[in-house]
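*Asks:* Supplied in structure tokens, the structure appears directly below.
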Amino acid sequence: MASTPPPKPAATRKLHPVPIRVMHWINAVAMLVMITSGWGIYDDYVIISGLHFSHTFRLGSWAAESLMWHFAGMWFLVLNGLAYLIYGVFTGRFRERLLPIRIGELVQTVKDTLHFHIAHEDLTHYNAVQKLLYIVVIVAGISQVVTGLAIWKPVQLSFLVPLFGGFQGARIVHFWGMVVIVGFLVVHVALAVLVPRTIWAMLAGGPRVGDRPRANKVTP
Ligand code: HEM
């Protein structure tokens, strides 16, 4: 007796649901505020001697003003980031979109990219490099918040400071976290501009996808 094929998952939700889109763009603005105001604060007490950030790219006309921007932006970054982490874990989005990362696929994607074979026809699937970069930037964001807290309240939150080998260690990790995030942003925005459909999808939601985790096929 011929068995009936399993029913296709219903295409009931968009690739980027409304909460993801709202949180993504709040995060983008908050990150830009944090980076540019951070550059304003950094200049007061540099980490790499000789490295200064141009006034053109600094938010705040002097360090104290930049610091106020940094604290204001921090609330948006932290609350929005927490919401994104909770949403990503409890809806299964992280598991569905960012995992698993297979070494073979990672190597192949790097090879393809080096040969300029960058295809992103199927918006519903992140390639292994994209997955890895998203995970790295999420971890970098968490690290920025923890090191930022250690620098901001080294007395009240003194248990955080030794995790980074002291106050100066926390400053250095905070600085390199910024470098990782800025590096990510350069690649991320360049790729988004190269494939503008992805930007439109992050604004309007993109194609509809099946309801089951890992149901990655676009439905017509
Ligand atoms: C400011 C300019 C930005 C633009 C134009 C932009 C654009 C995009 C686009 C188009 C996607 C969807 C990618 C795809 O479907 O292939 C995306 C996803 C993502 N972006 Fe951005 N982005 C920006 C800023 C940021 C920042 C500042 C961060 C973090 C530091 C970030 C982190 C992410 C993450 C983690 C995802 C995956 C989200 C998920 O699927 O849950 N983006 N971005």
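The values are calculated or read from the model by the stated rules, or taken from the named source; none is laboratory data. Quick caveat, the model's predicted, so the values are computed rather than measured. Here the Cβ positions follow ideal geometry from the backbone for every residue, glycine too, while neighbour counts run over all protein chains shown.
*Asks:* For the stretch 104-145, name all the residues that are near the ligand (Cβ under 10 Å from one of its atoms) and closer than 13 Å to residue 180 by Cβ.
*Replies:* Result: 133, 134, 135, 136, 137, 138, 140, 141, 144.
*Asks:* Which residue, of 148, 169, 183, is in a helix (DSSP H, G or I), out of contact with any Pro (no Cβ under 7 Å at 6 or more places or on another chain) and within 12 Å of the ligand (Cβ to nearest atom)?
*Replies:* Details: 148 fails: within 12 Å of the ligand (Cβ to nearest atom); 169 fails: within 12 Å of the ligand (Cβ to nearest atom).
None of the other options fit; the residue is 183.
*Asks:* Pairs under 8 Å by beta carbon, first residue under 17 Å from residue 67 (Cα atoms) and at pLDDT 95 or above in the stretch 145-169, partner surrounded by 15 or more Cβ atoms within 10 Å (Cβ to Cβ) and among the β-branched types (Val, Ile, Thr), six or more apart or different chains?
*Replies:* Between residues of the stretch 145-169 that are under 17 Å from residue 67 (Cα atoms) and at pLDDT 95 or above and residues that are surrounded by 15 or more Cβ atoms within 10 Å (Cβ to Cβ) and among the β-branched types (Val, Ile, Thr), the close pairs are 145/78; 147/173; 150/161; 154/161.
*Asks:* Follow-up. Of the residues that sit in the stretch 193-220 and are among the small types (Gly, Ala, Ser) and modelled with pLDDT of 95 or more, which one is surrounded by the fewest Cβ atoms within 10 Å (Cβ to Cβ)?
*Replies:* 204
*Asks:* Under 6 Å by Cβ, and 6 or more places apart or on different chains, what pairs join a residue from the stretch 194-206 that is within 20 Å of residue 27 (Cβ to Cβ) and without any contact (Cβ under 8 Å) to a residue 12 or more places away in the chain with one that is assigned to a helix (DSSP H, G or I) and within 6 Å of the ligand (Cβ to nearest atom)?
*Replies:* 199/192
*Asks:* Filter the stretch 119-144 for residues that are touching a residue at least 60 places away in the same chain (Cβ under 8 Å), of a type in the set (A, V, I, L, M, F, W, C) and surrounded by fewer than 18 Cβ atoms within 10 Å (Cβ to Cβ) and give the result.
*Replies:* If the condition is that a residue be touching a residue at least 60 places away in the same chain (Cβ under 8 Å), of a type in the set (A, V, I, L, M, F, W, C) and surrounded by fewer than 18 Cβ atoms within 10 Å (Cβ to Cβ), then 142 is the only one that fits.
*Asks:* Further, regarding this structure: Look at the stretch 21-40 and say how many of its residues are more than 12 Å from the chain's Cα centre (by Cα), surrounded by 17 or more Cβ atoms within 10 Å (Cβ to Cβ) and either farther than 19 Å from residue 176 by Cβ or near the ligand (Cβ under 8 Å from one of its atoms) (or both).
*Replies:* The number of residues fulfilling the criteria is 2.
*Asks:* Counting only residues that are in contact (Cβ under 8 Å) with a residue 24 or more places away in the chain and either surrounded by fewer than 15 Cβ atoms within 10 Å (Cβ to Cβ) or assigned to a loop (DSSP other than H, G, I, E, B) (or both), how many does the stretch 92-102 have? Outline the logic, then answer.
*Replies:* Our first condition is that a residue be in contact (Cβ under 8 Å) with a residue 24 or more places away in the chain; within the stretch 92-102, this holds for 92-93, 95-99, 101-102.
When the remaining residues are screened for being either surrounded by fewer than 15 Cβ atoms within 10 Å (Cβ to Cβ) or assigned to a loop (DSSP other than H, G, I, E, B) (or both), the result is 92, 95, 99, 101-102.
Count: 5.
Table: residues versus (1) closer than 22 Å to residue 142 by Cα; (2) at pLDDT 95 or above; (3) of a type in the set (Phe, Trp, Tyr); (4) part of a helix (DSSP H, G or I).
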site	(1), (2), (3), (4)
2	no, no, no, no
20	yes, yes, no, yes
23	yes, yes, no, yes
38	yes, yes, no, yes
69	yes, yes, yes, yes
